[in-house]
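Taking it in order: structure first as structure tokens, then the write-up.
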Amino acid sequence: MPSAAEAVSIENQLASPAMGNGEALKTEAAALDPLTVADGFGGYLSTIFVCAAAAAVVFGLFASGSGEPLLLTILAVLAMLGLFMLFALAAGHIRIGARLPAGDVLKAALDASDEPALVANPSGNVFYWNPAHEAMFGQSESGALAALEAAFSGDPESSQAFFRLNRAAERGEVRREEIRLKATPLAPRRPTWLRLSVRPFPSPERDAIDGSKRGALVLWQVADITDERTRESQKIGALEAALAGFDSMPMGFLSVASDGTVTHVNATFEGWLGFTRGEVRARCATLADLAGEDGARLLNELARETEAGRRAIDLDLAREDGRIVPLTLYAEPAGAGFTLTALNRALSGLGERTGSSEIRFSHFFQSAPFGIATLDCAGRIASANTAFLRMLPEGRRANGALAADVLGLNADQDERASIVEGLAAVLSGRGNVAPIDFKGGEKPGQAGVVIKEMMHRRAYMSPLATGNGEEAAALYLIDTTEQKALEQRVVQAQKMEAVGKLAGGIAHDFNNVLTAIIGNAELLLKRNKAGDPAYKDLVNIRSAALRAASLVANLLGFSRKQTQQVSLLNLGEVMTDLTPILKTSVGEKIDLKLRSERDLWYVKADKTQIDNVIINLCVNARDAMPGGGKLAIRTRNVSEREAQKLEHAGFTPGEYVLIEVEDSGTGMSPDVMAKIFEPFFTTKGVGKGTGLGLASVYGIVKQSGGFILPESEIGKGTTFRIYLPRYEPGDNEIEAAAPAKQPSRLDGKATDLTGTGCVLLVEDEVDVRQFAVRALRLQGYKVLEASDGLEALDVMKANEGKVDIVVSDVVMPEMDGPTLFKELRKDNPSMKVIFVSGYPNEAFREQLGSDDFAFLPKPFSLPQLALKVKEELTK
């Protein structure tokens, strides 16, 4: 190991002006691990041999007993020799295991190298450069590094590369750059391409006290890669020449990876499809982008064919501008993917394999909108068009597979038996085989949609009298999924319409009865005080009648015949008003979260009904989470583009406002989901549900022009999404929109309901008419009554000019309310009219073509009737 004196600082020595190029490196290298050489080692062995011989003589003399004088002489000689040995070693004349300084070896290696190199510190002070560096870059008064920098100063790109290297050297980072040099008059033979690298290495200088390193050095190396680049350029040129020939060939070539990505395509193929050169790969296009999903599936099927003769197909592809390009494609497996060779049949002389008749047949075969396949005598599929493959389950092969297995994969037992029987009949040559309907598996749906639509197919079979064993029968396949769905929707709509009509008719009669019950109960309550024995019974009668009125309202909601008091609504404000009620309804165990998007669009609906819809859904969510859970209600705008992505039957794209009610409850099975909107269907126990809640929600949403789409999964929860159509109001409508909360129509109250004036009451139901007459007379009005429209006209003539307002039913015998309204307005255009009915007012409002009347829905209470009359008379 080197002594402390030999460990001299490399930077101090190499930076010394007295040092020449390489001397500092040589001096410092002496402190490095040395190389051992053999000079001086033979003399050392000879000395040891002499000493050993002398020692033997001495021991012999001691043994003889007479050699004491001689012994002293020998010892003196040996001592003298030992002393001379020590002086020789100290002076360096004798070397034991002599070491050659590493600096000499390192310097000699770098000096002899053909590649320029220099050593500097991060600040740019150069300590060493070899002759090759000086030969390539010359000398500079500023130093070797400046000469290197000057070589790249003429070109901006080269200068930037050198700057990056210099920055890396300053930071102590490893970096490599390949730089192109330009020849100059001073260096005409300079290399064209150089590879420059910087690599930091620690300085060997160590602190004398703690032994820690001080600073670091940087090794700059330059390699001539001109020949390497020339060879690469030659290879690229040859490849480009090959590609040019590849692109200019009259045939199209396409290479497809296992994932369907197009890895290579020539310009001919791109031109046929209307792309510019290189555009397909620039887009990272897939085979499905070029040939469509059906075409890609068919070509993948062909590439897996074991017989080369069956890998050709005539297929029409669509250009970027929508025009059709007739191609003949040949598929060939290539590793995990495959390649396609294409011939354009539209060009003369190409694609004519066996005559124009076969080409025309292939064109019709592949472009048919329904599935076509040919079967061999064993019942295997010999060929199939793209429409046939599209209707098979995902990943299912067609060619070479048994038709019974392909068609019967998802069919039930009876359908599969019919398929096998039909195939056996047609393969035996019998015709007139009846078409067979069967299930084709579940249709791939949107992410998150639990209930998937079942696909349906219809197969037609016929024998082929060609005598060719490879084509014994033809199989035609039609997708009947939409037809089946339409049939089911028609049946469901007819059922719902029938139940709705029944419910609507019953509800109308019930409303008349309930109006009489509620009204007479309120009249009796006015006569009886709270302490009377009958008072409690009357209150119970009125409460039961009000509950019955709520059920009737649900029936009318389901039948979409519920009376609506439509107004301009901001659903964010509606949710804010409902928050206290919802928190009370769901209880403390439910974590209720409400979130409304800013700048919600307006909708036009009945606020009371929308409140009932949201409350109903929240109560159902609460019942689905008996142990507690999370309930989220969100409102936001839905653009038309987003609505177009919703794949639900009957959904009309447009602009909507969405109400989303999501719970973390028990969820519902597909069987339950299919029936949730049917009236009287409930999963709750006896006495805990009427089965009309969701039915009325469905009816209200539909009557408001919206859609309700449920999603549910067992164990994860349920989400109801209500889409209400956006309404764009005018400025006057926005200003007229009343933010005040609407009172309940069965709890109308006023501080003073009394009034004066003459009221003509027209009602065909005797009980309702008698109650209404008594109620109005109690409030101070003079009341005239009539049982129908004709009688009302007679009363008006008898009391001409005395009647201030007319309160009329809508549906009456002889003459109904709308007809009476028109007759009254002929003689008195300013006559005030209030219609009362259990049906919604939209139907006869359109019939009348006027909004200049008031409306009071049945059943109504005594205060509501009196309040409505007073409001109209005071206008």
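Points worth noting:
- With a Förster radius of 25 Å applied to the beta-carbon distance between residue 368 and residue 714, the computed FRET efficiency rounds to 0.05.
- Taking 0.36 nm per residue of separation and subtracting the current Cα-Cα distance, fully stretching the chain between residue 277 and residue 482 would add 69.7 nm.
- Average accessible surface area per residue within the range 400-444, 1.4 Å rolling probe, Å²: 53 Å²
- Computed label-point distance, nm, for sites residue 766 and residue 78 using a 7 Å Cα→Cβ extension: 16.0 nm
- Inter-site label distance for residue 160 and residue 235 at 7 Å from Cα along Cβ, in nm: 2.6 nm
- Accessible area (Å², 1.4 Å probe, nearest 10) - residue 264: 100 Å²
- Each label point was placed 7 Å from the Cα along the Cα-to-Cβ direction; for residue 180 and residue 532 their separation is 11.0 nm.
- Pairwise FRET efficiency - residue 646 versus residue 623, Cβ, R0 = 22 Å, nearest 0.05: 0.20
- Segment residue 167-residue 192, length gained on full extension (0.36 nm per residue, minus Cα span): 6.6 nm
- When the surface is traced with a 1.4 Å probe over the full set of protein chains, residue 405 keeps roughly 60 Å² accessible.
- Of the cross-linked pairs 802/875; 826/870; 536/782; 607/645; 604/675, those separated by over 26 Å at the C-alpha level are 536/782; 607/645; 604/675.
- Probe 1.4 Å - accessible area at residue 832, Å² to nearest ten: 60 Å²
- Highest-first arrangement of 601-609, 332-340, where packing means the average Cβ count within 10 Å: 601-609, 332-340
- Largest accessible area first, the listed residues 622, 171, 825 line up as 171, 622, 825 when surface is computed with a 1.4 Å probe on the assembled protein chains.
- FRET efficiency estimate (nearest 0.05) - Cβ-Cβ, residue 216 to residue 347, R0 56 angstrom: 0.20
The values are calculated or read from the model by the stated rules, or taken from the named source; none is laboratory data. Owing to the predicted nature of the structure, the values given are computational and were not obtained by experimental measurement. Heads up, the Cβs are rebuilt from the backbone with ideal geometry, glycines too, and the neighbour counts pull from every protein chain shown. We work out accessible area using only protein heavy atoms, side chains counted, and drop any ligands, DNA or RNA first. Shrake-Rupley method; radii C 1.70, N 1.55, O 1.52, S 1.80 Å.
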